[in-house]
Amino acid sequence: MSILLFSIVAGLGAIAAGLLGSLSGLGGGVIIIPFLTLVLGVDIRYAIGASLVSVIATSSGAAVAYVKDGYSNIRLGMFLEVATTMGALLGAHLASVLPVNVISVIFGLVLLPSAYMAMRFHPHAILSSHQDTWSAHLHLDGNYPSHGELRPYRVQHVPLGFSLMSVAGVLSGLLGIGSGEFKVLAMDQAMCLPFKVSTATSNFMIGVTAAASAGIYLNRGYVSPSITMPVIVGVLIGSFFGARAIKHLHTRYLRIVFALLMIGVAIEMIHKGIAGGL
């Protein structure tokens with residue numbers, strides 16, 4: 001395959017990955033890795049390197065639109081980034097100690113019930129009268145646009161959410177993904193944020209988490225410009241249109257897409273773990 005044809009195919013696949021990653025908050029990394037390895041035959045290590053850089057691109061492309069439209073909780077995102085960054089650095093260190101294939105299988109097994117949880121809707125996520133002490137002190141509560149008006153919400157269980165973000169960071173360092181699925185679940189289920197706010201804030205955060213891991217892969221020589229460049233361009237285009245489209249999609253449909261993606265990720269992680277692909 002010529003470089004031009006490879007770049008075109010990789011770019012088109014990256015557009016789809018960026019679109020789905022932006023809508024779901026996954027960041028596109030869990031989609032672009034199997035695409036590069038299974039469709040284009042790229043070595044898994046270089047695919048992970050390109051994926052991490054694309055996650056940064058997705059976060060940058062989608063975060064601008066989300067922040068402008070008022071979906072991202074910037075204050076909460078910056079607070080939780082502390083946990084994800086520390087976790088990513090720890091995960092990168094553990095990657096040289098623990099067998100990654102075992103972590104991959106555990107990761108997949110955890111995602112399967114998480115996909116079911118993501119389908120559940122809890123109205124108290126927006127209308128709860130209880131105010132978390134940590135959220136009150138840090139001023140983390142906010143509002144988001146819905147049907148032409150601003151709807152308030154309260155952030156719950158901040159310590160639990162902070163701990164789960166640390167786990168998401170560790171998985172990012174171990175598996176080479178942005179761990180957007182865990183960030184979304186932590187904010188949606190544990191912290192009781194509206195789903196659109198969870199996906200938008202996840203997109204705002206995953207770039208920082210991925211950057212902590214991408215530096216390690218860059219240092220190891222696993223970031224190839226010929227692979228990474230078309231992926232970055234495609235993911236940026238897809239994430240931009242995804243951020244535009246989220247305003248016109250029903251939350252239930254987003255949850256269905258999110259759950260299906262998580263099931264696919266779980267199967268892929270279990271398969272790679274058993275086969276020792278990572």
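Considering every residue within the range 204-220, establish whether at least one is closer than 25 Å to VAL257 by Cβ and touching a Pro at 6+ places or on another chain (Cβ under 9 Å).
Checking the range 204-220: not a single residue is closer than 25 Å to VAL257 by Cβ and touching a Pro at 6+ places or on another chain (Cβ under 9 Å).
Would a scan of the range 138-153 turn up a residue that is assigned to a helix (DSSP H, G or I) and either closer than 19 Å to LYS272 by Cα or at pLDDT 75 or above (or both)?
Initially, the range 138-153 is screened for residues assigned to a helix (DSSP H, G or I), giving 138.
Right, trim to either closer than 19 Å to LYS272 by Cα or at pLDDT 75 or above (or both) and you get 138.
Checked the range 138-153: at least one residue is assigned to a helix (DSSP H, G or I) and either closer than 19 Å to LYS272 by Cα or at pLDDT 75 or above (or both).
For the range 8-18, name all the residues that are crowded, with 24+ Cβ neighbours inside 10 Å and at pLDDT 80 or above.
Matches in the range 8-18: ALA10, ALA14, ALA17.
Show the residue pairs meeting these rules: Cβ distance below 7 Å; 6+ apart or different chains; first residue within the range 11-40 and aromatic (Phe, Trp, Tyr); second residue at pLDDT 75 or above.
Matching pairs, first to second residue: PHE35/GLY13; PHE35/ALA17.
Taking the range 68-82 as the search range and keeping residues that are under 16 Å from VAL167 (Cα atoms) and buried (at least 22 other Cβ atoms within 10 Å of the Cβ), which one is modelled with the highest pLDDT?
Residues of the range 68-82 under 16 Å from VAL167 (Cα atoms): 77, 79-82.
Filter once more, so that each one left must be buried (at least 22 other Cβ atoms within 10 Å of the Cβ): 77, 80.
Working: GLY77: 86, LEU80: 90.
Per the stated criteria, the residue is LEU80.
Counting only residues that are touching a residue at least 40 places away in the same chain (Cβ under 8 Å) and closer than 20 Å to GLY173 by Cβ, how many does the range 188-219 have?
So the answer is 16.
Given the residues VAL197, VAL223, which is the only one that is at pLDDT 80 or above and assigned to a helix (DSSP H, G or I)?
VAL197
What is the one condition in (1) modelled with pLDDT of 80 or more; (2) crowded, with 24+ Cβ neighbours inside 10 Å that SER22 does not satisfy?
Evaluating SER22 over (1) modelled with pLDDT of 80 or more; (2) crowded, with 24+ Cβ neighbours inside 10 Å leaves (1) as the failure.
On the basis of being in contact (Cβ under 8 Å) with a residue 12 or more places away in the chain, touching a strand residue (DSSP E or B) at 6+ places or on another chain (Cβ under 7 Å), surrounded by fewer than 24 Cβ atoms within 10 Å (Cβ to Cβ) and over 28 Å from ARG45 (Cα atoms), does LEU150 make the cut?
For LEU150, the condition - in contact (Cβ under 8 Å) with a residue 12 or more places away in the chain, touching a strand residue (DSSP E or B) at 6+ places or on another chain (Cβ under 7 Å), surrounded by fewer than 24 Cβ atoms within 10 Å (Cβ to Cβ) and over 28 Å from ARG45 (Cα atoms) - is met.
The values are calculated or read from the model by the stated rules, or taken from the named source; none is laboratory data. Fair warning: this is a prediction, and the values are worked out from it, not measured in the lab. Neighbour counts run over all protein chains shown; Cβ positions are idealised from the backbone, glycine included.
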